Structures are given as C-alpha cells and as structure tokens.
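Participant: This is the structure, below, for whatever I ask next.
The values are calculated or read from the model by the stated rules, or taken from the named source; none is laboratory data. No experiment lies behind these values; they were computed from the predicted model shown. Here the Cβ positions follow ideal geometry from the backbone for every residue, glycine too, while neighbour counts run over all protein chains shown. All accessible areas refer to the heavy atoms of the entire protein, side chains included, with ligands and DNA or RNA removed. Shrake-Rupley method; radii C 1.70, N 1.55, O 1.52, S 1.80 Å.
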Amino acid sequence: MKSAPVVQLGKHRWWIVYDQDEERVIDSNIYVMESDGEALILDPGGFEIFPQVFAAVVEAIPPDAIRTAFVSHQDPDIASSLPLWNACNPKIQWYIPKLWDGFIRHYGALDATFVDIPDEGMEIRIGGQTLQILPAHYLHSSANFHVYDPVAKVLFSGDVGAALLPKGHSAFLDRRRPEAFGEHIAHAKYFHERWMPSNEAKRDWCDRVRQLDVQYLCPQHGAIYQGEHVQRFLDWFEALPVGRVDGK
C-alpha cells in the first residue's frame, strides 16, 4: 500500500493510504487527519488489509497518536478492522452512526468506546481543529455520514465519488488535464448507479456540499478530486439517475 499527503497546513495535515496489495477484496482508501499531534483515522478499513494499512500509517504517525476514529457506516470494508485497531490502542474513541451501533459491535471489540453520532450530525474536536460530521443518509447506507474540515477544505465523502480503479492508480485525479475527469468517471458510473439508492438523497447532498468550500473531495474508493474536478463531479452526480439495476 502507498501513502501520500493530501494537504498540510503547519501542524494540521491530511494524508491518504491507498492502492492496497490484496486484490481479492475491494480496494479501499483510508484517511488520517492530524492536528497538533492528535490524529483521527477515517473508515480504517477491513480486517484483511489491516497489516498493510497499519504499516503505512505508522510510517507517518505513532499508533498512540490516534485518539479518535470515524466510521461512516456499517460495511466490512469500512470497519471490520475495528477490533485490531482497538487491540493496538484501546483508548481510541469510535464515532459511529447511532443506528449501526449494535451491528458494528458484531465485528468484535465489545469493550471499545463508541460515541453515537445522531442523525443530524455533530462536531468533533481533533487537536486544534473542529471538524463537522455531516449527514449523508442513503448514500448509500440508511445512516451514513461524511466529514468536512473547513480549514483544510477537505470533504471525506465515503462512497460518494468512489471509483473502482485498476491497480497502480494515482492518489489524485490530475487537475492539469481536464480530460482526466472523463477517464476517471467511467470507473465511477456503475458504482453510483448501483450502490446509491435515492435520487432525493443525492440531490439533497449535492445542495449541501455546494454550500461548502471544498478543494479536496476524498472518497473511500478511487482517487481524490481536487480543484475544478470537485465541481465537475457535483455536476455529474447531480445529473446521474441512481438506484438502477443493470442500467434499467
């Protein structure tokens, strides 16, 4: 697995762990945000890729710097590694959707510290920075959340923006090439048509995100949209009919 910085503002930084080596499970991105020596890990990944993710993360920060973890929804590629992270650092507080509390505990670590996220979202403080946990319900899970950093202008968008890219892909869409968006979005189209069930939820999310200053849209699969590609994605997603089976 590879790691790359997303944005750094002094002691406040984001980076991505991406392009896993295990090809038998869906390729997933893991993000870490650090502020003043305290770190948050977002959707820390599945059980099967934990060794790769852990090795990449500890190259950047010590494991005990991770005080907080965020779980956007209940899928195994999101959080089935939870008991392993908890074994490494039982002091981590896990922010999870309230609806999925009892389901996520089926992954193990019954003694892990869970903080339930209410349906309307909330704010959390990591080091010197306040982050917003925003509702993204039905995109694709019935209780689903994203994380916005208004200082770094990063939106962690979970499965929204996801693309199933071939191995060896870059961490970012190339903002110097307008055509890069079309090449990338071909790998995202079926994912969004099939996994996103609600056009109403999609439109609500697009309206909400357009009110934010987002320079980096960071999905849980595929590459990061930056600069002009963020607006291109919003326009594309808003116009895309979702909740479809085999294109019907």
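The rows are residues; the columns are (1) of a type in the set (Lys, Arg); (2) under 22 Å from TYR31 (Cβ atoms); (3) open to solvent by less than 80 Å² (accessible area, probe 1.4 Å); (4) in contact with a Lys or Arg (Cβ under 7 Å, 6 or more places away or on another chain).
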| position | (1), (2), (3), (4) |
| --- | --- |
| GLY182 | no, no, yes, no |
| SER198 | no, no, yes, no |
| LYS202 | yes, no, yes, no |
| ARG208 | yes, yes, yes, no |
| VAL214 | no, yes, yes, yes |
| PRO219 | no, yes, yes, no |
| GLU228 | no, yes, no, yes |
| PRO241 | no, no, yes, no |
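Participant: Here's another thing I want to ask about it. Which of the residues belonging to the range 51-65 are open to solvent by less than 30 Å² (accessible area, probe 1.4 Å) and either within 23 Å of ASP27 (Cα to Cα) or modelled with pLDDT of 95 or more (or both)?
Facilitator: We begin by selecting, within the range 51-65, every residue open to solvent by less than 30 Å² (accessible area, probe 1.4 Å); these are 53, 56-57, 61, 65.
VAL53, ALA56, VAL57, ILE61, listed by residue number.
Participant: Then there's this: Take the residues of the range 23-40 that are open to solvent by 10 Å² or more (accessible area, probe 1.4 Å) and assigned to a strand (DSSP E or B): which is farthest from SER170 (Cα to Cα)?
Facilitator: Start the filter on the range 23-40 by keeping residues that are open to solvent by 10 Å² or more (accessible area, probe 1.4 Å), which leaves 23-27, 34, 36-38.
From what's left, assigned to a strand (DSSP E or B): 34, 38.
Details: GLU34: 22, GLU38: 27 Å.
Here the residue is GLU38.
Participant: Let me ask you something else. Enumerate the strands (runs of 3 or more DSSP E) found wholly within the range 141-240, keeping only those where 1 or more residues are among the acidic types (Asp, Glu) and at pLDDT 95 or above.
Facilitator: Details: elements: 145-149, 154-158, 216-219.
Fully inside the range 141-240 and qualifying: 145-149.
Participant: Just need a number here: residues in the range 80-90 that are open to solvent by less than 10 Å² (accessible area, probe 1.4 Å) and either in contact (Cβ under 8 Å) with a residue 60 or more places away in the chain or outside any helix (DSSP H, G or I) (or both).
Facilitator: Taking the range 80-90 and keeping what is open to solvent by less than 10 Å² (accessible area, probe 1.4 Å), we get 81-82, 85.
If we keep only those that are either in contact (Cβ under 8 Å) with a residue 60 or more places away in the chain or outside any helix (DSSP H, G or I) (or both) as well, we get 81.
Count: 1.
Participant: Going through the range 91-133 one residue at a time, which ones are of a type in the set (D, E, K, R) and either without any contact (Cβ under 8 Å) to a residue 40 or more places away in the chain or within 19 Å of HIS12 (Cβ to Cβ) (or both)? Outline the logic, then answer.
Facilitator: Looking only at the range 91-133, we keep the residues that are of a type in the set (D, E, K, R), and these are 91, 98, 101, 105, 111, 116, 119-120, 123, 125.
Selection gives LYS91, ASP101, ARG105, ASP111, ASP116, ASP119, GLU120, GLU123, ARG125.
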